[in-house]
Amino acid sequence: MANIFKSKYPNGHKVELKDKAGLNKVKNGLGALLGKSTTGLTPGKTQLELVKPKKGKPKHTIYMSESGLSMCMKKLPNGPLYEFIGPKSVIQNSFSHAGDGKGASDKSSTNEKTELKELISMCILREKLENGRDVDYDYVEECMPKRLKKYFHNDYFTSAQKQVKVWLSKETGRFKGKGYVYERQLDDVTKKIYKNALALSRLSKDNWNPGDIWIVKKNMNFDNYTEASNIQQINKQLIKDYKDENVVGISLKQILKTQKGRIDYVNLSANKVKEAKFDFTFTQCDFTGDTFKNAIIYTKSGFGVRMGFKASTDNYGVYLEGRFKGAGSQVGGMDAKQIPVEVKKRYDYDIRKGGTPNLAVEEKLALKEMKEIFKRHGAKQISNTLTSYENFLEIYKKAPLFQKQRLCRIVSFMYPFLELSYNKDGEKEFKDLMNWSYTLAKKETSVGGFYVFLGP
């Protein structure tokens, strides 16, 4: 935690009250005080902005000791003024930085926040590997482009620290020193790897290798990548260069405060896909029975396949991703090109995809498929809101045209998982299909490139 009293943090700088566990670690801190007060401060949630110098009369004065430094903050949004009195170190350690209050909660800025998270992780990892030094918020702030600072949240900083800790637990002594370039995917150096790899694999960048940040040895020779004639050559070279400490791509997922971190080595076995060590027994499908917008098929392990549509109401392309329930982040998107091919191979079934659905052609079949799904699993296992197939049908008949069209498409993706897999070999086949989906989401495929995963 940096010093919130430094002059570079002006009026309006945003901070967040630490959670109860964090507050109780602070001597004479706010943990005990808040339990006895009605000040409206909530550990781990309340955000305030610094007010320097004091403006107006505080509505609440909170004494951490009988005397000490006075610090004023205004509760966000549009809340009252608070005055905290006590030792400087106690006030300082009761709060975390939370950006400047202008963009951290902006849901439309996913790309900017993703970039910021990756830059923070890269900044902390680079300093640790180059100089063996742990850094604080002040150092990380210098790594942030000015345009991204408003999106900062302390959870990003905490997550990055956990990611680096997990990395060091397995990679101690490796990739150390100042002889490396650090960059985000496709920024500069890694273009030399990706260009030929994408041409040979015919995959998108993340479906070949989802490495968010890369560590690359300075003056590295890329001839084995640029001159390769097939994707297997590139993938084998990537594994060799990782073992020789020449290059490594790292895929990052945010680790929440309540989560432990883990490290995985994906596609390290010469592209031989391994069976995942999870229980893929079917438990529940969370189907949105009012809008037909999403369906998430969950297993006992918590892993699920989400299939659904993005925001636009005139988009009929189904997007699929793998995720773990409660993880706070997805495992990864699933390549839309590979899923219909795999389903066709397994079940001789053609998934309906493409442009605008034609109800005259698709509706009758879609409703038949939905009826079969309900019959096999029952309403309770298909939706949290629907009580029966008849209930679904009643809602469907009243739905607007675009929702009916979406139903025709989404059920075509649900059907292979929830019906066709069982017809082939019961629960065993369903589990195998979910295992395949997990490896696809992780990009652990026969053509996927090696990367290190750091996440929850």
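The values are calculated or read from the model by the stated rules, or taken from the named source; none is laboratory data. Since the structure is predicted, the reported quantities are computational estimates derived from the model, not experimental observations. Cβ sites come from the backbone with ideal geometry, for glycine too, and all protein chains shown count toward neighbours.
Looking at the range 264-287, which of its residues are at pLDDT 90 or above and over 12 Å from Y438 (Cβ atoms)?
The answer is T281, F282, T283, Q284, C285, D286, F287.
What about L256, is it touching a Ser or Thr at 6+ places or on another chain (Cβ under 9 Å) and modelled with pLDDT under 90?
Considered against the rule, which asks whether it is touching a Ser or Thr at 6+ places or on another chain (Cβ under 9 Å) and modelled with pLDDT under 90, L256 comes out as yes.
Identify, please: which residue in the range 337-370 is of a type in the set (K, R) and either crowded, with 16+ Cβ neighbours inside 10 Å or not in a helix (DSSP H, G or I) (or both) and is, among those, nearest to the chain's Cα centre (by Cα)? Even if it seems obvious, please write down each step before you answer.
Going through the range 337-370, the residues of a type in the set (K, R) turn out to be 337, 344-346, 352-353, 364, 368.
Still in the list and also either crowded, with 16+ Cβ neighbours inside 10 Å or not in a helix (DSSP H, G or I) (or both): 337, 346, 352-353.
On the way: K337: 22, R346: 30, R352: 28, K353: 27 Å.
Here the residue is K337.
For (1) touching a helix residue (DSSP H, G or I) at 6+ places or on another chain (Cβ under 8 Å); (2) within 24 Å of L148 (Cβ to Cβ); (3) at pLDDT 75 or above, each residue gets a yes or a no:
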{"position": "M1", "(1), (2), (3)": "yes, yes, no"}
{"position": "A32", "(1), (2), (3)": "yes, no, no"}
{"position": "S70", "(1), (2), (3)": "no, no, yes"}
{"position": "N78", "(1), (2), (3)": "no, no, yes"}
{"position": "A98", "(1), (2), (3)": "yes, yes, no"}
{"position": "K107", "(1), (2), (3)": "no, yes, no"}
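Would you pick out the residues in the range 149-196 that are hydrophobic (A, V, I, L, M, F, W, C) and not in a helix (DSSP H, G or I)?
Start the filter on the range 149-196 by keeping residues that are hydrophobic (A, V, I, L, M, F, W, C), which leaves 152, 157, 160, 164, 166-168, 175, 181, 186, 189, 193.
Matches in the range 149-196: F152, F175, V181, L186, V189.
Between S204, S251, which is of a type in the set (S, T, Y) and either closer than 23 Å to P456 by Cβ or touching a strand residue (DSSP E or B) at 6+ places or on another chain (Cβ under 8 Å) (or both)?
Details: S204 fails: either closer than 23 Å to P456 by Cβ or touching a strand residue (DSSP E or B) at 6+ places or on another chain (Cβ under 8 Å) (or both).
Result: S251 is the single residue among S204, S251 that is of a type in the set (S, T, Y) and either closer than 23 Å to P456 by Cβ or touching a strand residue (DSSP E or B) at 6+ places or on another chain (Cβ under 8 Å) (or both).
Would a scan of the range 171-185 turn up a residue that is of a type in the set (D, E, K, R), in contact with a Leu (Cβ under 6 Å, 6 or more places away or on another chain) and modelled with pLDDT of 85 or more?
First pass over the range 171-185, keeping only residues of a type in the set (D, E, K, R): 171, 174, 176, 178, 183-184.
Checking the rest, the ones that are also in contact with a Leu (Cβ under 6 Å, 6 or more places away or on another chain) come to 176.
Keeping just the survivors that are modelled with pLDDT of 85 or more gives 176.
Taking every residue of the range 171-185 in turn, at least one turns out to be of a type in the set (D, E, K, R), in contact with a Leu (Cβ under 6 Å, 6 or more places away or on another chain) and modelled with pLDDT of 85 or more.
Taking the residues in the range 291-309 that are assigned to a strand (DSSP E or B) and among the aromatic types (F, W, Y) as candidates, determine which candidate is modelled with the lowest pLDDT.
Filtering the range 291-309 down to residues assigned to a strand (DSSP E or B) leaves 294-299, 303-308.
Checking which are among the aromatic types (F, W, Y) leaves us with 298, 303.
Values: Y298: 94, F303: 90.
Per the criteria, the residue is F303.
Need the failing condition index for G56 against (1) modelled with pLDDT of 80 or more; (2) surrounded by fewer than 17 Cβ atoms within 10 Å (Cβ to Cβ); (3) more than 30 Å from Q254 (Cα to Cα), just the number.
In the conditions (1) modelled with pLDDT of 80 or more; (2) surrounded by fewer than 17 Cβ atoms within 10 Å (Cβ to Cβ); (3) more than 30 Å from Q254 (Cα to Cα), G56 misses (1) alone.
Take the residues of the range 192-233 that are of a type in the set (G, A, S) and closer than 28 Å to E130 by Cβ: which is surrounded by the fewest Cβ atoms within 10 Å (Cβ to Cβ)? Steps first, answer last, please.
Our first condition is that a residue be of a type in the set (G, A, S); within the range 192-233, this holds for 197, 199, 201, 204, 211, 228-229.
Retained after the next criterion (residues that are closer than 28 Å to E130 by Cβ): 197, 211.
Numbers: A197: 25, G211: 29.
Among residues in the range 192-233 that are of a type in the set (G, A, S) and closer than 28 Å to E130 by Cβ, the one surrounded by the fewest Cβ atoms within 10 Å (Cβ to Cβ) is A197.
Kindly provide the set of residues from the range 241-262 that are in contact with a helix residue (DSSP H, G or I) (Cβ under 9 Å, 6 or more places away or on another chain) and part of a loop (DSSP other than H, G, I, E, B), ordered by number.
Within the range 241-262, N246, K253, Q254, I255, L256, K257, Q259, K260, G261 meet the criteria.
Within the range 410-419, can one find any residue that is touching a His at 6+ places or on another chain (Cβ under 8 Å), modelled with pLDDT of 90 or more and surrounded by 20 or more Cβ atoms within 10 Å (Cβ to Cβ)?
Keep residues of the range 410-419 that are touching a His at 6+ places or on another chain (Cβ under 8 Å), which gives 418.
Next, only the ones that are modelled with pLDDT of 90 or more stay: 418.
Still in the list and also surrounded by 20 or more Cβ atoms within 10 Å (Cβ to Cβ): 418.
Checking the range 410-419: at least one residue is touching a His at 6+ places or on another chain (Cβ under 8 Å), modelled with pLDDT of 90 or more and surrounded by 20 or more Cβ atoms within 10 Å (Cβ to Cβ).
Is at least one residue of the range 154-173 touching a helix residue (DSSP H, G or I) at 6+ places or on another chain (Cβ under 9 Å), free of Cβ contacts under 8 Å to residues at least 60 places away in the same chain and closer than 30 Å to L69 by Cα?
No, that holds for no residue.
Would you point out which residue out of A199, A228 is more than 23 Å from I124 (Cα to Cα), in a loop (DSSP other than H, G, I, E, B) and in the same structural domain as E115 (by TED's automatic domain parsing)? Show your work before the answer.
Numbers: A199 fails: in a loop (DSSP other than H, G, I, E, B).
Only one candidate qualifies: A228.
Read through the list (1) in contact (Cβ under 8 Å) with a residue 24 or more places away in the chain; (2) buried (at least 18 other Cβ atoms within 10 Å of the Cβ); (3) farther than 23 Å from Y319 by Cβ, then give the number of the only condition that F374 fails.
Only one criterion is unmet by F374, namely (1).
Restricting the search to the range 204-225, which residues are at pLDDT below 90 and part of a helix (DSSP H, G or I)?
Matches in the range 204-225: K205, D206, N207, W208.
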